[in-house]
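For reference, the structure is listed below as structure tokens.
The values are calculated or read from the model by the stated rules, or taken from the named source; none is laboratory data. Note that the coordinates shown come from a computational prediction; the quantities given were computed from them, not determined experimentally. Cβ: placed from backbone, ideal geometry, glycine included. Neighbour counts: every protein chain shown. With ligands, DNA and RNA removed, areas are computed over all heavy atoms of the protein, side chains included. Shrake-Rupley method; radii C 1.70, N 1.55, O 1.52, S 1.80 Å.
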Amino acid sequence: MRQSFSVYRLAGVAGLLSALVLVVNAAKRAQLIPSTAFTQLVAPLAEVFALAFVTALYLYCEPRLGRFGRAAFVANYLALGALVGVEFVINLVFARLEPAQIAELRAGPLSVALTGTSVLFLIGTVAFAAALARTGLPPRAALALYAVGSIPVALRAFVPELVLDVSLVVLAGGVAWLSAWLIGAARGR
């Protein structure tokens, strides 16, 4: 029991760190804070921390998830893993290239990879939030923030910058709330 609590607590802290990085990313995109080498470097950590966070959510709720929930978790997990690569490309490669070079890269297979990752993130995140809601365990409002915030993020190429910035904060709010819930709920196990 004590070991489980430690794992859930660490995953909850990872979720809180993910939420913090999402807020930093939103502030950077909105030019509320400067885009620096440090903020570019930490940007992908939102997804890295989220991998531990969603895994702990899955483990906590797994007995009630069923096949759909398990498949949704796998899709969400794979999407987050792929998004780590996307964020490294956007923040550490594209940031150093001219617009013409970026357009050239996006005209090739990178475009397919970016689009595929976005679609997988959209489907995986919304499906996983829905599956978690069906368990009756995590707070539904927090799951709604998580799902709703992820939609514009997944569709970032098609939404205005302000919508993307706000959705990053909404997503961060959902992740932070679910992280706090996970830490508290694990105490009772």
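Exactly one condition in (1) closer than 21 Å to L162 by Cα; (2) in contact (Cβ under 8 Å) with a residue 24 or more places away in the chain; (3) open to solvent by 40 Å² or more (accessible area, probe 1.4 Å) is false for L22; which is it?
(3)
Could you list all residues from region 100-127 that are open to solvent by less than 70 Å² (accessible area, probe 1.4 Å) and not in a helix (DSSP H, G or I)?
G108
(1) under 23 Å from V112 (Cα atoms); (2) in contact (Cβ under 8 Å) with a residue 60 or more places away in the chain: which one isn't true of F88, the others all being true?
Evaluating F88 over (1) under 23 Å from V112 (Cα atoms); (2) in contact (Cβ under 8 Å) with a residue 60 or more places away in the chain leaves (2) as the failure.
So for region 43-53 (the condition being in contact with a helix residue (DSSP H, G or I) (Cβ under 6 Å, 6 or more places away or on another chain), in contact (Cβ under 8 Å) with a residue 40 or more places away in the chain and over 28 Å from L162 (Cβ atoms)), does at least one residue qualify?
The answer is yes, given that some residue of region 43-53 is in contact with a helix residue (DSSP H, G or I) (Cβ under 6 Å, 6 or more places away or on another chain), in contact (Cβ under 8 Å) with a residue 40 or more places away in the chain and over 28 Å from L162 (Cβ atoms).
Looking at region 50-65, is at least one residue among the small types (G, A, S) and modelled with pLDDT under 95?
Checked against the condition, which is being among the small types (G, A, S) and modelled with pLDDT under 95, region 50-65 yields no hits at all.
Out of (1) under 23 Å from G12 (Cα atoms); (2) of a type in the set (A, V, I, L, M, F, W, C); (3) under 15 Å from the mean Cα position of the chain (by Cα); (4) surrounded by fewer than 21 Cβ atoms within 10 Å (Cβ to Cβ), the odd one out for A130 is which?
Here A130 meets the rest and fails (3).
Search region 140-189 for residues being among the basic types (K, R) and part of a helix (DSSP H, G or I), and hand back the single one that is modelled with the lowest pLDDT.
Step one: filter region 140-189 for residues among the basic types (K, R), giving 140, 156, 187, 189.
Add one more test, that the residue is part of a helix (DSSP H, G or I), and what stays is 140, 187.
Details: R140: 98, R187: 81.
Restricting to residues being among the basic types (K, R) and part of a helix (DSSP H, G or I), the top hit is R187.
Out of all the residues in region 46-76, which are farther than 14 Å from S150 by Cβ and aromatic (F, W, Y)?
Correct list: F49, Y58, Y60, F68, F73.
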